[in-house]
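A short worksheet on the structure shown next.
The values are calculated or read from the model by the stated rules, or taken from the named source; none is laboratory data. Because the structure is predicted, anything quoted here is derived from the model rather than measured. Don't worry about glycine lacking a Cβ; one is built from the backbone with ideal geometry, like all the others, and counts go over all protein chains shown. The area values use the complete protein model at the heavy-atom level, side chains included, leaving out ligands, DNA and RNA. Shrake-Rupley method; radii C 1.70, N 1.55, O 1.52, S 1.80 Å.
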Amino acid sequence: MFDLRIMPEQSTIKFDRQLPIFNWPYPFSRLEAFAGSGQQIYADRDGGPVRRRAIYLHIPFCETICNFCPFSRERYTSASVVEEYLDALIKEIALKERFLGRCAVNAIAVGGGTPSLLTPEQTTRLGAAISRAFDLSALEEFTFELEVKSVSPQKLRAMRDIGVNRVSFGVQTFSDRYRKLFSLDADRQRVIESASLITSMFDYTNADLLYGMAGQGLDELDDDLTAILDLRTTTLDVYPINNLSAPSAMHRAIKHAGLGFLPETERVRFRVHLEERLRERGYAPISGYGFTAAGRDAAGPVRQSPKFLYHDLVYGYDDDEIIGYGSSAMSRRAGLNVCNIDNRRAYVKKVLDGGSLPHDRVGMIASPERGIVTFPFRGELDKARVSWLHVPDETLLALREAIDADLVVDEGPRYVLTKTGWLFYVNLMYHLMPTSGKQVISAKIEQMEHSGRITGSTDLMDLVDA
Ligand SMILES: C[S@@+](CC[C@H](N)C(=O)[O-])C[C@H]1O[C@@H](n2cnc3c(N)ncnc32)[C@H](O)[C@@H]1O
Ligand code: SF4
């Protein structure tokens, strides 16, 4: 099992090692193949009160396929395939409503894949199904993910009309060499034009940027940062590229280009650098990889500075519930993690022909420490939402150690991450886990190392000395 040592005396590099992983939902419970009808899961369970609920709807189609992308998606072939999928999605909403009733929802996320491939009529149909099935009186956030090639004023208007108030689109990189390497076929001008249309029609927008790619230099990251800030979105999600989950097509392209992966120490250096650059421009973190320019006036690039509520719930507390719809969608409900069938055809068949819920894997959850372990992703821990008596001593000790090392600060009713805490949020999440969680993560990393796609945890002492 990996053991991370906190070094309180250091000013920036507070851990002796960096884990080569990204984000993960917690707790992980092994998902077991599920043979039942699926309905029992929803029918006879009482998991206690739900404080906040989000729903996720997955649209697994893209116009073109980016080779780094691990999500469940396929190339768009015809309107009829999408139409049939939408029929299944709407039927799944109705099937689950039989068990959940018309439940209240605080956040909606339509992701993929590329939800902006839906026609305006399809978006309207989906919106009508959502408002029929859910109580939206407490809805705060309704997100649609967009891809720059597929947006149009008509589609964006249809989204607005069904209540969408936050849109997010992938830029990934402006660098021609990486766009080519990753099969991103919209050119820079197209990205800028679409971004301008999107920001003119929505007040709350987010753009995704990747960094830490094989062979990338700091100057290239700076160019990308400058260009993405010019798009003037409300927030930025800046992801270290996840080499591990990326499909083999990306690994082949990288090999073919003769590029080597950036060592994990370099990626930590990139993360420190990008945070410095963003802070210089008035930006601050709002999640593990999200940033916004809080406090800017209306003339600045940002008009408001909200957090992404959906992710706050995914990386939330024990009484936050997520209900997923569509192929590959995950739900977390009543002490269970439930995963829908990944394959789009099998999903559609099960829902439309079989008329049954499309789960194929289920796992139990027991996690009094959940809200604390996921806290470094959210940046804030509301003390009143944790039942402290049930939290394992190991987690309490680890939290104390993080406070003593200035990674976390106690602000009375809540704990918050410090500047250095944000830099090492992945390590901190691991650090806060009880041994059982650490064992699961360590075993995964060791298994991945054998695949040759990552190195194990990396010594950061060189950075300390530098
Ligand atoms: C579902 S996609 C976004 C929606 C839309 N299809 C698009 O491409 O613009 C969500 C985001 O995940 C990020 N992503 C995809 N593959 C990744 C990887 N291997 N490592 C890190 N982030 C990745 C990308 O930044 C992408 O924009
Ligand atoms: S990044 Fe977006 S457009 Fe590219 S394959 Fe993934 S979901 Fe599709």
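Remarks
- Leading residue by the ranking (nearest to ligand 2 (Cβ to nearest atom)) among those in region 51-80 that are open to solvent by 60 Å² or more (accessible area, probe 1.4 Å) and touching a strand residue (DSSP E or B) at 6+ places or on another chain (Cβ under 8 Å): F71
- Given (1) in contact with a His (Cβ under 8 Å, 6 or more places away or on another chain); (2) surrounded by fewer than 21 Cβ atoms within 10 Å (Cβ to Cβ), index of the condition G38 fails: (2)
- For region 1-22, a residue qualifies if it is acidic (D, E) and within 26 Å of V238 (Cα to Cα), and exactly one does: D16.
- R30 satisfies every condition listed in (1) at pLDDT below 90; (2) surrounded by 14 or more Cβ atoms within 10 Å (Cβ to Cβ); (3) farther than 30 Å from A129 by Cα except (2).
- Look at region 139-159: where a residue is aromatic (F, W, Y) and a partner is in a strand (DSSP E or B) and within 14 Å of ligand 1 (Cβ to nearest atom), sitting 6+ places away or on another chain with Cβ atoms under 7 Å, you get F142/R166; F144/V110; F144/V167.
- Residue within region 135-143 that is within 16 Å of ligand 2 (Cβ to nearest atom) and outside any helix (DSSP H, G or I) present: yes
- Pairs where the first residue, in region 66-77, is farther than 16 Å from M330 by Cβ and the second is more than 7 Å from ligand 1 (Cβ to nearest atom) and of a type in the set (K, R), C-beta under 8 Å, 6+ apart: E74/R344
- Taking each residue of region 219-236 that is at negative phi and at pLDDT 95 or above and looking for partners that are among the aromatic types (F, W, Y) and open to solvent by 70 Å² or more (accessible area, probe 1.4 Å) with beta-carbon atoms closer than 7 Å, six or more apart or interchain, yields nothing.
- Filtered residues of region 312-333 (kept if farther than 16 Å from I93 by Cβ, open to solvent by less than 20 Å² (accessible area, probe 1.4 Å) and of a type in the set (A, V, I, L, M, F, W, C)): L313
- Within region 84-126, the residues that satisfy the criterion of being closer than 30 Å to L184 by Cα, open to solvent by less than 10 Å² (accessible area, probe 1.4 Å) and part of a helix (DSSP H, G or I) are Y85, L86, A88, L89, P115, S116, T123, L126.
- Any hit, region 374-396, residues being open to solvent by less than 50 Å² (accessible area, probe 1.4 Å), of a type in the set (F, W, Y) and assigned to a loop (DSSP other than H, G, I, E, B): no
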